[in-house]
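Accompanying notes for the structure given below.
FYI, it's all coordinate maths here, none of it is from the lab. Just so it is clear, the model here is predicted, and its values are computed rather than measured. Please note: Cβ atoms are built from the backbone with ideal geometry, for glycine as well, and neighbour counts cover all protein chains shown.
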Amino acid sequence: MFVVTGATGNVGGHVVKELADAGAEVLALTRDPEAARLPEGVRAARTEEMPLDGATALFLNPAVVWQVGTEKLLERAKESGVRRIVMLSSSSVLQDLDPHTNPIGVRHRALEDEIERTGLEWTFVRPGAFAANALQWVDQIKAGDVVYGPYAGAQMAPIHEADMGAVAARALLADDLVGQTPELTGPESLSFADQVRIIGEVVGRPLRYEEIPHEAARERMAGGFLTPEMADSLLRVFAELVDRPQAVSPEVERITGRPGRTFAQWVEDRVAAFR
C-alpha cells in the first residue's frame, strides 16, 4: 500500500492520481477526508491519525511533516513497516545552506538528513519554482491588467505540479530512482514578466508586470507560510536571477519518458482561476 501525505494538495493530488492509474492501492492522508475528491478506489484518512499499518511506501510533503512532527512521523513509518520514502524536497538545498540567507534550503536539507538516517530507501524530488506560484497573482489579474511584484526580469523555469507528481509516483513504484535526488524544472526559462504575458495570452487579455521596490515586495510577501526571513531569502534569489536564464533540467523527460509541460499548458489547466 502507498500512503500519500498532502493528498489533496497541488502535488499530492497528482501523486495519488498517478498511483491509482497504475492500479496501486493508495491511502490518501488529508485534513478533511470527507471533502476530498479522490480517484475511485482510493481510501482517505486524517493526516493527524497517521494510519501507516500495512504501508510499504510513503510520499512525504514537508509542510505536512512539519505540522505533525518529523520525528514522530518517521518513527511511526519505521514501526509500521514502511520500506521507502519519497520526499518532495527543493532545489534550494543545492545552494549555500546558510540559515540566515537560505532558510528554505536549510529546512529541506535537515529533513532529507533525518530521512537518510532512518535507513529506509529514499528518493528526494527537488523541484525549483512551481508554476502554481503564479496563483499569487490571481486577485491582481481579476482586478485589472497589471501585476505588481519584484524583479520583473528574474528568470526561472517553472514546473507543472503534474510533472512533479509523475516523477514522485515513478519513484514510489519503481526501484531505479532509489537513492537519487532528481532536480526538476519546467521546459523553458521565463521571467516574471514573461509569465504574466503568457497568462494574458491564454485568458485573452493583455496583461503586464510592473516591478515594485524590494521593501514593498517584502511587505506583500511576508505572512502566512512565508516568514520575513523566507521572504528576504526569496527576494535575494530573484535579484540574482535577473536577466539570467535558468538551465533546464532533463530529468522530467528522462524519468517519465515525455517532455515536461509548458507554463502555457499549466495556465490552460488553471485558466478558470484567472477569470
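Couple of notes before you dig in:
- Cα gyration tensor, the chain - rounded (a/c under 1.5), prolate or oblate: prolate
- Top of I212, I199, I159 by mean-square fluctuation, Gaussian network on the chain, Cα under 10 Å: I212
- Relative contact order (percent, whole number), the chain, Cα cutoff 8 Å, 6+ residue spacing: 18 percent
- Spatial offset of the stretch 134-190 relative to the stretch 53-76 amounts to 23 Å, using the alpha carbon center of each.
- GNM top mover of E161, E49, E116 - the chain, alpha-carbon springs below 10 Å: E49
- Prolate/oblate/rounded call for the stretch 205-247, Cα gyration tensor, a/c under 1.5 rounded: oblate
- Put in order of Cβ neighbour count within 10 Å, fewest first, the listed residues E201, E211 become E201, E211.
- Tensor-based shape of the stretch 1-150 (alpha-carbon gyration tensor, a/c under 1.5 rounded, otherwise prolate or oblate): oblate
- Between D96 and V138, the contour length at 0.36 nm per residue exceeds the Cα-Cα span by 11.9 nm.
- Most fluctuating residue given options Q195, Q265, Q246, as computed from a GNM of the chain linking Cα atoms under 10 Å: Q265
- Rough spin-label spacing in nm, given labels placed 7 Å along Cα→Cβ, for E48 and E229: 2.7 nm
- A cut-off under 10 angstrom between Cβ atoms defines the neighbours of P99, and their net charge, with Lys, Arg +1 and Asp, Glu -1, is -1.
- Antiparallel beta bridges, as assigned by DSSP with both residues in the stretch 116-275, represent about 35 percent of the total such bridges.
- Beta bridges by DSSP in the chain, antiparallel share as percent, to the nearest 5: 15 percent
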